[in-house]
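Down below is the structure, laid out as structure tokens.
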Amino acid sequence: MTLRTRLMLLVLITMLPALAVVVDTAVGQHRHLKADIEHSVLRFARFTVDHHAARVAETEQLFNLITDLPQVRTLDTPNCDALLQSLLYGNLNYTNFGVIRPDGYVACSGVSTSAPVYLGDRAYFKTAAATKRLSIGDYQIGRLTNKPVQVIAKSVLDATGQVQSVVYAALNLEWLMRFMPLAELPPESAIMVVDRQGVILTRAPDPEGKWTGINLTSDVPIAKAFLDSGQSEAISEGRGVDGIQRIYALARIGSGEERNGYILVGIPSQEIHAALNADLLPRAAFLVATFLGIMVLAWFGSEILVMRRTRLLSTAARQMANSDFSTRAAIKGRDEIAMLAGEFNRMGDALQRNHQQIHRLNRIHEVLSGINGAILRIRVQDELLKEACRIAVERGRLRFAWIGIVEPDTGRVMKMASHGEGNDFVDRHCLTPHVRADEDLCPCAAAMPQAHPVICNDLRIVNQRDKSWQSLARSHGFEALAGFPLKRDGEVIGVLGLYAAEAHFFEAPEVDLFQELAADISLGLEYIDKDQRIDHLLYHDALTGLPNRKLCEDRLQQEILRARHHDRHVSVVVLNITDFHRLVGVHGHHVADDVLNMLATYLSAHVREGDTVSRLGGDEFAIAYVDIASTQDAIHLVQSLVAGLPTVFRNTTREIHLSIRGGTAIYPDDGEDAASLLVNATLACSGQTGRSHAVNFYSSTIQRAASEREKLEQAFRHAIKDVLGLALYYQPVVDIHTHRIVSLEALARWNSTEFGPVSPARFIPVAEETGLIVELGDWVLNSACRQIQVWQDAGLMEIRVAINISFHQLRQEDFVERLAMAASAINRNRSNLLAIELTESELMDDVETTIRQIDLLKSHNFTIYIDDFGTGYSSLSYLQRLPVDILKIDQSFVSTLGQSESSDAIVRTIIALAHGLKLKTIAEGVETAEQLALLKELGCDYVQGFLFSKPKPAEEITRLLNNGGSISPMD
């Protein structure tokens with residue numbers, strides 16, 4: 001027997017125990033796999049039962065809503081039918097909803113019936129009526145729908161606790177047909193719902209319905225055994241009604257003593273056995289292949305161990321003769337052949353070092369050339385960095401290269417690009433905040449804080465402190481590595497990490513070239529950054545980062561062309577913040593910028609993918625909704641967006657209430673191109689005069705209104721400039737007890753030569769939006785002072801005149817001084833005949849500034865009114881601090897006085913609050929004797945309104961003052 005034969009027998013005997021262990025393991029895994037499959041089927045059956053239980057719970061919650069509806073409570077059949085039909089429409093989980101009278105007949109139903117239907121014999125009706133609780137019925141075929149259902153019922157109780165009716169819902173069991181494809185069960189699998197007697201109510205698949213109604217207990221022995229056992233769940237194998245052998249999982253529907261039916265899930269046994277065989281056969285094949293491989297290795301092993309040494313040495317000599325200087329004779333020992341091999345290898349080392357240095361320098365020059373070319377042609381940072389790493393590895397013959405950029409905020413290094421194998425080493429040891437300068441950092445991490453190249457040329461020399469990263473580096477095949485900082489304007493912005501598979505790769509000539517390479521990459525990054533910033537600023541808003549008007553129009557035009565080709569719609573919404581200029585004036589540009597950024601963030605987060613949010617300028621934003629099927633869909637999208645717009649901006653020091661208005665135009669109805677859509681949406685936005693956070697849809701009426709408003713603005717500018725058609729009217733404020741005039745409110749009126757008499761409701765908003773309100777306010781102030789002087793010169797009774805002051809006037813630095821100077825000519829006996837009216841909402845825009853201004857006014861003895869009180873956001877704490885004299889109750893509360901309990905309560909509260917703060921009250925808009933009587937009863941001090949006098953010109957007021965200043969209420 002030869003030595004080779006003995007070796008083969010030894011290998012065979014050694015393998016027998018391992019073979020036995022492998023076979024035993026395979027059998028055990030086969031058994032466990034089958035058990036796992038069976039439990040998977042049972043888990044699916046449980047999941048199906050849980051799914052059905054969830055439908056029952058949803059139904060109970062739905063009943064809680066339905067039983068409180070008046071249509072159900074009153075058994076109003078037409079309205080009740082309509083309600084139930086609306087609930088049933090599109091709801092595949094139910095086949096019907098209905099309400100049963102106590103006599104058992106159906107009162108209303110989601111499914112129309114041609115004749116009265118009697119359900120008084122159903123068990124669920126009897127149980128619900130008797131127990132007054134939720135009743136879950138048996139599985140059955142519905143009388144109205146002729147479908148397999150399970151009916152759930154709940155009694156509706158009247159005020160005395162008696163059963164008024166029974167509401168029921170029929171759960172649709174055909175959900176199995178929809179559920180089956182989602183389950184991804186093997187072919188010929190089956191899912192069934194059976195009742196307590198074992199009759200199939202529904203089965204999937206069952207396209208012809210031939211299995212419904214079959215009793216499983218007579219045809220399927222395992223089903224009968226399960227039903228007779230009373231178990232809640234079981235697994236068994238057997239033949240189904242269709243003759244196919246399956247593994248069945250059976251689970252009971254219902255809890256406790258309730259047994260409403262059963263779920264059966266069956267998977268073909270053939271599929272399971274095929275899966276088990278598919279798992280076993282590869283194991284057997286692997287075992288055989290392993291056995292044969294070991295035998296082959298043993299057969300040739302002896303030859304390799306004996307002859308290999310001499311063959312290796314001769315082969316190495318031939319390869320080195322062919323200029324392969326990396327070849328070495330891997331022979332160890334102390335004999336002559338090993339000594340000869342050692343001398344041969346040392347000669348090869350010297351030749352290889354010289355050859356490698358020449359090749360390295362050539363490769364590095366090639367890398368420099370390649371990266372410089374990439375810098376010239378690539379203008380995307382990520383692409384440039386990836387290309388630089390690829391060139392460094394492939395042309396520089398490096399094992400790995402990566403580039404990291406420092407995050408300015410956190411100091412962390414972000415790996416932007418890499419090539420080769422070594423990412424996990426970088427992640428563990430190189431992505432360190434660059435502010436650290438510890439000596440134990442790897443060279444790439446240390447190069448950044450030191451701001452110069454850090455090189456480790458031979459990782460075979462182990463530093464005990466650096467041992468952790470050195471060991472990991474060598475496990476990746478790295479023998480030398482270097483980190484070169486990337487700089488911009490003298491500051492370190494990143495690092496270039498290079499890893500070589502040979503020691504001493506980074507010698508003096510190579511390091512100089514790699515430093516030049518790092519400088520070139522830094523320069524390329526600087527060029528790209530400048531290009532990107534220029535490109536971004538051309539098409540994006542500098543504050544919010546959103547697309548600007550130019551990019552918005554470009555994208556919108558592209559979407560219009562696409563919509564025209566596919567017969568779709570495009571909607572443009574323009575939004576702006578009401579009184580944004582006032583917000584800037586009160587809170588400053590930095591707060592206004594925060595508000596704009598908040599709104600930009602909200603809009604960007606609440607549009608669909610593909611839609612565009614832009615900032616057109618100022619406080620104006622545009623949203624382009626694209627690929628819309630219909631106008632109605634566009635309206636729905638716009639309304640959903642506007643409904644959720646933020647109403648309050650909060651930061652650490654203030655809370656600002658926002659009013660946002662919007663306008664929309666829809667392609668193709670409102671414009672054929674981007675420019676016209678934006679113009680029309682802007683017109684619709686500026687024409688929005690209703691409640692805040694509302695959207696106005698473009699129409700020809702809006703176009704006409706915008707044109708008319710433009711004409712009105714021009715006419716008003718001329719009127720202010722030349723004082724054409726402007727007049728000052730006065731409305732008396734009378735004592736509620738004596739009916740004597742106590743003060744007058746000065747009101748501007750305009751009779752335009754082009755438009756005729758123009759309502760203040762039209763020209764005052766124009767004045768506020770255009771800034772003309774300041775000039776108008778100055779005219780009112782001067783006119784009122786002149787008129788007071790006329791009355792004084794005529795010897796009439798001194799009467800206080802209140803003028804309305806706008807937000808813009810109050811915020812002027814010299815306003816109080818100008819006001820005091822104008823009033824000084826008419827004030828006598830140290831009394832100030834001018835009163836100042838400020839609206840509540842404007843007071844609260846900037847409370848601290850307002851308090852300072854009012855304090856200045858009070859120092860000049862002005863009387864301060866708060867106008868429209870009750871309509872703003874004032875708080876009691878601020879009201880207590882405001883040095884005001886009179887609260888004017890807004891006419892919206894007075895107009896419903898005696899008709900609305902809430903209005904009565906509000907007026908009563910305002911009067912009590914004012915008196916508690918030692919303030920007087922004026923009720924605005926008093927028009928009826930009933931309102932006057934109620935106000936008198938509530939303790940109001942003064943009244944103003946048409947009941948006593950409309951606003952009148954100065955001549956008519958003069959006559960009233962000449963008659964003693966007493967006014968009788970008009971009938």
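The values are calculated or read from the model by the stated rules, or taken from the named source; none is laboratory data. No experiment lies behind these values; they were computed from the predicted model shown. Backbone-built Cβ (ideal geometry, glycine too); neighbour counts: all protein chains shown.
General remarks:
- Residues in the range 629-647 that are crowded, with 16+ Cβ neighbours inside 10 Å and not in a helix (DSSP H, G or I): L645 alone.
- Residue within the range 395-407 that is in the same structural domain as A480 (by TED's automatic domain parsing), of a type in the set (D, E, K, R), over 24 Å from D512 (Cβ atoms) and free of Cβ contacts under 8 Å to residues at least 40 places away in the same chain present: yes
Let's see how each residue does on (1) over 26 Å from E848 (Cβ atoms); (2) not acidic (D, E):
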residue	(1), (2)
E768	no, no
V774	no, yes
A784	yes, yes
E798	yes, no
N804	no, yes
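- Residue that is modelled with the lowest pLDDT, among those in the range 692-709 that are part of a helix (DSSP H, G or I) and polar (S, T, N, Q): Q703
- Apart from one condition, R133 fits all of (1) over 16 Å from T95 (Cα atoms); (2) in contact with a Lys or Arg (Cβ under 6 Å, 6 or more places away or on another chain); the exception is (2).
- Qualifying residues in the range 762-804 (those that are more than 50 Å from the chain's Cα centre (by Cα) and acidic (D, E)) - the one surrounded by the fewest Cβ atoms within 10 Å (Cβ to Cβ): D793
- Total residues in the range 378-412 satisfying the condition of being surrounded by fewer than 22 Cβ atoms within 10 Å (Cβ to Cβ) and more than 21 Å from V511 (Cβ to Cβ): the figure is 17.
- The selection criterion, being buried (at least 19 other Cβ atoms within 10 Å of the Cβ), out of contact with any Gly (no Cβ under 8 Å at 6 or more places or on another chain) and not assigned by TED's automatic domain parsing to the domain that holds D868, holds for V758.
- The conditions of being at pLDDT 80 or above, within 30 Å of K530 (Cβ to Cβ), surrounded by 19 or more Cβ atoms within 10 Å (Cβ to Cβ) and not aliphatic (A, V, I, L, M) are met by S418.
Per-residue answers, yes or no, for (1) under 21 Å from A204 (Cβ atoms); (2) surrounded by fewer than 16 Cβ atoms within 10 Å (Cβ to Cβ); (3) at pLDDT 85 or above:
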| site | (1), (2), (3) |
| --- | --- |
| E38 | yes, no, no |
| R55 | yes, no, no |
| T67 | no, no, no |
| T74 | no, yes, no |
| Y89 | no, yes, no |
| V99 | no, no, yes |
| A107 | no, no, yes |
| G110 | no, no, yes |
| T113 | no, yes, no |
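- Flag for N79 being out of contact with any Cys (no Cβ under 9 Å at 6 or more places or on another chain) and either surrounded by 13 or more Cβ atoms within 10 Å (Cβ to Cβ) or polar (S, T, N, Q) (or both): no
- Near pairs, Cβ below 6 angstrom, 6+ apart or cross-chain, from the range 114-128 (part of a helix (DSSP H, G or I)) to any residue that is modelled with pLDDT under 85 and small (G, A, S): A123/G137; Y124/S135; Y124/G137; T127/S135; A128/S135
- Residue in the range 957-970 that is assigned to a loop (DSSP other than H, G, I, E, B) and crowded, with 20+ Cβ neighbours inside 10 Å present: no
- When residues of the range 527-561 are limited to those that are assigned to a helix (DSSP H, G or I) and of a type in the set (S, T, Y), the one farthest from the chain's Cα centre (by Cα): Y527
- With respect to (1) over 30 Å from H581 (Cβ atoms); (2) in a helix (DSSP H, G or I); (3) not β-branched (V, I, T), the lone exception for R818 is condition (1).
- From V679, V607, V626, residue being assigned to a helix (DSSP H, G or I) and either modelled with pLDDT of 90 or more or surrounded by fewer than 21 Cβ atoms within 10 Å (Cβ to Cβ) (or both): V679
- Selection within the range 648-676: residues that are surrounded by fewer than 22 Cβ atoms within 10 Å (Cβ to Cβ) and acidic (D, E). The member of this set that is nearest to T578 (Cα to Cα) is E655.
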